[in-house]
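Read the structure below first, then the notes.
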Amino acid sequence: MFEKKDSRVKSAAATNLSFLYFLEKDYDQADRYAELAMSADRYNPAALVNKGNTEFVKEDYEKAAEFYKEALHNDSSCTEALYNLGQPSQT
């Protein structure tokens, strides 16, 4: 049933699932649903932030920053992306 929904609804649902899995530290599932959310709506800033977060925990800070910047490009008021861009890398 989830697959048949409108792309924005699908993107929002996948974004929420990605965030919940991230909170549970199931980063593989969080990444999977972030990808699904982005494929349904590439301009979804929350999905881009979630994807950036999964890259951040993989310690790929450059890739994470790219997703945060893209989220800000799509929505300049995306405070999560702006905040995450300001976080120091773990190097």
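Each value in this text was obtained by applying a stated rule to the coordinates, not by laboratory testing. Every value quoted in this text rests on a predicted model; they were computed, and no experiment measured them. When we count neighbours, we look across all protein chains shown, and the Cβ atoms used for this are built from the backbone with ideal geometry, even at glycine.
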Between the Cα axis of helix 61-74 and the main Cα principal axis of the chain, the angle (0 to 90°, nearest 10) is 60 degrees
Everything considered on the Cα gyration tensor (a ≥ b ≥ c; rounded for a/c under 1.5, else prolate if a/b is larger than b/c, else oblate), region 36-91 must be described as oblate
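What does the extension gain come out to for N74 and D60, with contour length at 0.36 nm per residue minus their alpha carbon separation?
2.9 nm
So, in the chain, how many Lys pairs have Cα atoms under 21 Å apart, if the pair is 8 or more places apart or on different chains?
Details: K10/K51; K25/K51; K25/K58; K25/K63; K51/K63; K51/K69; K58/K69.
Step by step, the pairs that qualify in the chain add up to 7.
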If one compares the long axis through the Cα atoms of helix 45-57 with the longest principal axis of the Cα atoms of the chain, the angle in degrees, nearest 10, works out at 50 degrees
A convex hull over the alpha carbons of region 2-85 yields, per residue, a volume in Å³ of 75 Å³
So, for the Cα atoms of region 27-67, Rg and Dmax in Å stand at 9.2, 26
Distance in nm between L23 and D6 label points, each 7 Å along Cα→Cβ, equals 2.5 nm
